[in-house]
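Written out below as structure tokens is the structure these notes cover.
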Amino acid sequence: MLVALLAACNSYNPPKQMSYLTVRTLVGHKGEFIEPFGLAADKQGNIYISDGFKNSIFRLSKNGNLQLITSNLSTPSHIAFDEDGFLVVADSGSHTIKRVNPETGEVTILAGVENKRGYMDGNVEQALFNAPIGVAVLKRKIFVADTYNDKIRVIENGVVRTIAGSDKGFSDGIGDAAKFDTPCGIIVLKDETILIADSGNAALRKILPNGIVSTIAGITKLEFNGDNPDKIESSSISSAETSLRLPMALTVDEDGFIYLIDENSIRKMSPDSAFIETITSTEMGFKDGDIKTAKFSRPSAILIDKNKDLIISDSDNALVRVITSHEISQEISGKTIESSLLQTLIEDKNLRWCYQPSDRLRDIAGTFGEIRGQIEQNAPNESAWFHNGIDIPGYYGEKAYFVRKEKILSPRAVSNFATLRESLKTSHNTYIHVKLGRDVNDKPFIDERFEFILDQNGKPSDLRITRGTVFYEGEPIGSLNKMNHVHLSVGKSYVTINPLKFFTFPKFTDTVPPSIEKVFFFDESWNPIKQSDLRGRLRVVVSAFDKVDTNPERRKLGIYFAGYQLIRNQIVLLDRSRNIVFDTLPPANTVGLIYAPGSQSGAEGETRFNYIITNEIGDDGRVNEGFIDTDSLENGSYTLRIQVGDVFGNVTIKEIKFLKK
């Protein structure tokens with residue numbers, strides 16, 4: 001009705017902006033967590049945190065002390081307190097709903113059969129779930145988002161029954177006429193109205209006490225792509241007009257405002273569900289401080305504490321953070337968070353090859369940090385991007401295997417099914433260009449961990465791999481598609497690391513030094529300068545490439561580091577020998593600050609890597625534009641020593657002498 005009035009008179013004033021001002025980190029920056037997911041608060045104000053990777057629940061006391069309550073769970077997800085003061089846990093990995101005594105850590109099963117996935121209503125000892133993620137409690141009722149059964153269920157008086165949902169899909173209605181797609185977050189209001197973050201449908205849904213299911217936000221669906229988010233509205237707009245991307249969890253305050261986690265942002269909806277606004281940045285990353293620019297990385301749960309602050313589990317940053325109305329005196333740096341995440345990624349430094357036999361030497365066809373696409377003169381960042389992993393060639397249809405023990409944590413771990421970019425994201429790695437769970441003819445493996453959705457002809461049309469699923473080193477992941485290689489990326493969301501730098505692969509060595517093809521000089525305005533006439537503020541561009549021992553002659557790989565030294569009379573005046581180093585990736589929008597126009601690489605065409613070695617990747621990960629200022633030099637002879645190297649210590653040096661007059 002309110003939306004209709006808005007259309008008629010165009011005079012509705014949306015709710016005023018909240019008083020929340022800043023975001024700060026509560027805990028996790030010292031490596032306490034790997035994947036904080038669920039949140040709950042007790043009556044004393046202590047906060048409880050589930051860690052899906054560690055199979056644990058922690059208690060954060062009001063004075064800031066963190067205590068382990070239990071580690072006897074299997075990928076716990078959302079949590080809630082019941083009337084008796086026990087924690088109710090959606091234990092996704094075991095397909096059960098469990099209860100945890102917060103004082104003793106004792107774990108008991110409330111409903112479901114341990115490690116048995118399925119769907120069945122009835123007695124709690126016989127009922128079956130499929131990796132449930134969401135739980136909410138009202139009086140003696142436990143409401144469950146049975147995520148991969150695409151249903152909303154309730155546990156009451158020892159019996160499990162389905163309230164709404166049938167097959168995966170999208171429709172409103174009553175009971176099994178309604179359809180959901182991977183519902184994750186769930187809360188229940190005092191009048192027993194249920195609100196659901198329907199993640200796969202990118203929608204916020206409501207179930208009234210009479211069983212009617214409706215959609216209150218996200219009518220227009222945005223295509224999910226966590227690596228390239230579309231712009232999301234930052235001002236108040238009609239909920240009927242808004243688009244959600246990946247709603248994951250929600251909470252409601254005493255005034256009826258709904259706070260929703262939508263992919264990497266936090267959004268606020270008015271009590272009448274008429275208007276919604278985005279209150280944080282939508283960009284993936286980490287940043288404390290001003291709420292408008294604060295960044296999160298796969299936040300998974302949200303609650304309102306006794307101080308009316310918003311507590312957020314920031315899963316891929318491995319943090320618990322708070323949105324508060326108070327100013328903060330100190331911010332944690334992004335470098336601190338990256339360093340903490342790095343340690344969790346490199347605990348096991350020995351990886352097997354992703355083919356059989358696992359110890360047979362394999363080639364590398366693409367390295368970390370290479371350009372993909374092409375740098376255009378006037379739009380350097382529009383058609384180019386960084387390569388965020390390594391490419392390991394194979395042949396079409398060859399089986400690929402997991403390189404180490406890995407767990408599925410993302411509720412939507414499979415992307416781009418049945419395309420050339422089909423991929424699987426695990427706790428540590430992303431595998432791309434693989435027909436997941438099936439052979440070259442698309443015949444599914446006999447493995448229930450790959451849950452295929454079949455079309456009317458009985459052929460796979462989609463695939464889900466549930467949160468909490470574990471794969472072991474050497475188990476098959478699928479078969480190569482027509483890209484004929486596995487793209488292996490190591491990292492969590494925006495923090496990806498160089499696999500060749502931090503890991504070893506069987507028998508893999510490199511004795512071939514990089515090659516410097518040519519050196520170019522430009523002035524500050526990118527006008528070419530001859531080597532014989534170097535003056536003013538200079539940009540130096542080096543065309544270079546690398547090879548490894550296994551490469552065919554035609555192959556060109558990107559280098560690991562590049563830079564220069566400025567020398568006079570054998571004294572190093574300026575040491576910028578490692579201006580560019582690919583340990584982690586620089587921000588995506590800086591590719592045009594690393595690679596000069598003319599750089600290009602991909603499946604077709606010539607490969608050229610033109611590195612702007614006067615620019616520098618700083619300690620904070622940002623790329624800073626730099627120059628050699630010849631005007632500040634005394635007259636005389638100088639040597640410009642250019643260096644490029646690979647991760648194995650092979651270095652190539654080119655010296656250029658010039659005269660400052």
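Got a sec? Which of Thr590, Thr614 is buried (at least 18 other Cβ atoms within 10 Å of the Cβ) and either without any contact (Cβ under 8 Å) to a residue 24 or more places away in the chain or in a loop (DSSP other than H, G, I, E, B) (or both)?
Going through Thr590, Thr614 in turn, the sole match is Thr614.
Which numbered condition trips up His95, out of (1) free of Cβ contacts under 8 Å to residues at least 24 places away in the same chain; (2) surrounded by 18 or more Cβ atoms within 10 Å (Cβ to Cβ); (3) of a type outside the set (D, E, K, R)?
The failed condition is (1).
Residues Arg535, Arg539, Arg449: which one is in the same structural domain as Val581 (by the TED database), part of a loop (DSSP other than H, G, I, E, B) and touching a Ser or Thr at 6+ places or on another chain (Cβ under 9 Å)?
None of the others qualify; the one that does is Arg535.
Which numbered condition in (1) surrounded by 24 or more Cβ atoms within 10 Å (Cβ to Cβ); (2) closer than 27 Å to Asp42 by Cα; (3) not small (Gly, Ala, Ser) is the only one that Val124 fails?
Of everything listed in (1) surrounded by 24 or more Cβ atoms within 10 Å (Cβ to Cβ); (2) closer than 27 Å to Asp42 by Cα; (3) not small (Gly, Ala, Ser), Val124 misses just condition (1).
Is there any pair linking a residue in segment 26-52 that is not assigned by the TED database to the domain that holds Ser300 to one that is outside any loop (DSSP other than H, G, I, E, B) and of a type in the set (S, T, N, Q), with Cβ under 8 Å and at least six apart or on different chains, and which?
Cβ pairs passing all conditions: none.
Quick check, is Lys425 under 17 Å from the mean Cα position of the chain (by Cα) and either surrounded by 22 or more Cβ atoms within 10 Å (Cβ to Cβ) or under 29 Å from Met284 (Cβ atoms) (or both)?
It is true that Lys425 is under 17 Å from the mean Cα position of the chain (by Cα) and either surrounded by 22 or more Cβ atoms within 10 Å (Cβ to Cβ) or under 29 Å from Met284 (Cβ atoms) (or both).
For segment 629-648, state whether one or more residues are in a strand (DSSP E or B) and free of Cβ contacts under 8 Å to residues at least 24 places away in the same chain.
Within segment 629-648, none of the residues are in a strand (DSSP E or B) and free of Cβ contacts under 8 Å to residues at least 24 places away in the same chain.
Looking only at segment 508-555, filter to residues that are under 26 Å from Ser632 (Cβ atoms) and of a type in the set (S, T, N, Q); which one of those is surrounded by the most Cβ atoms within 10 Å (Cβ to Cβ)? Let's see the steps before the verdict.
Let us first name the residues in segment 508-555 that are under 26 Å from Ser632 (Cβ atoms), namely 519-542.
Cutting the leftovers down to of a type in the set (S, T, N, Q) gives us 525, 527, 531-532.
Details: Ser525: 8, Asn527: 10, Gln531: 12, Ser532: 7.
Going through the qualifying residues, I end up with Gln531.
Pick from segment 249-262 the residues that are hydrophobic (A, V, I, L, M, F, W, C) and in contact with a Pro (Cβ under 7 Å, 6 or more places away or on another chain): which of them is farthest from Thr147 (Cα to Cα)?
Taking segment 249-262 and keeping what is hydrophobic (A, V, I, L, M, F, W, C), we get 249-250, 252, 257-258, 260-261.
Pick out the ones that are also in contact with a Pro (Cβ under 7 Å, 6 or more places away or on another chain) and you get 257, 260-261.
On the way: Phe257: 25, Leu260: 18, Ile261: 17 Å.
Among those residues, the one meeting the criterion is Phe257.
Name the residue, out of Ser339, Ser325, Ser358, Ser315, that is buried (at least 20 other Cβ atoms within 10 Å of the Cβ) and either within 24 Å of the chain's Cα centre (by Cα) or farther than 16 Å from Ala249 by Cβ (or both).
The unique qualifying residue is Ser315.
From Glu283, Glu254, grab the single residue that is acidic (Asp, Glu), over 14 Å from the mean Cα position of the chain (by Cα) and surrounded by fewer than 21 Cβ atoms within 10 Å (Cβ to Cβ).
Glu254
Considering only strands (runs of 3 or more DSSP E) fully contained in segment 17-97, which possess at least 1 residues that are farther than 23 Å from Gly289 by Cα?
Passing ranges, in order: 36-41, 47-51, 56-60, 66-70, 76-81, 87-91.
The values are calculated or read from the model by the stated rules, or taken from the named source; none is laboratory data. Model, not experiment: these values are computed from the prediction. Using ideal geometry, Cβ is built from the backbone for each residue, glycine included, and neighbour counts are taken over all protein chains shown.
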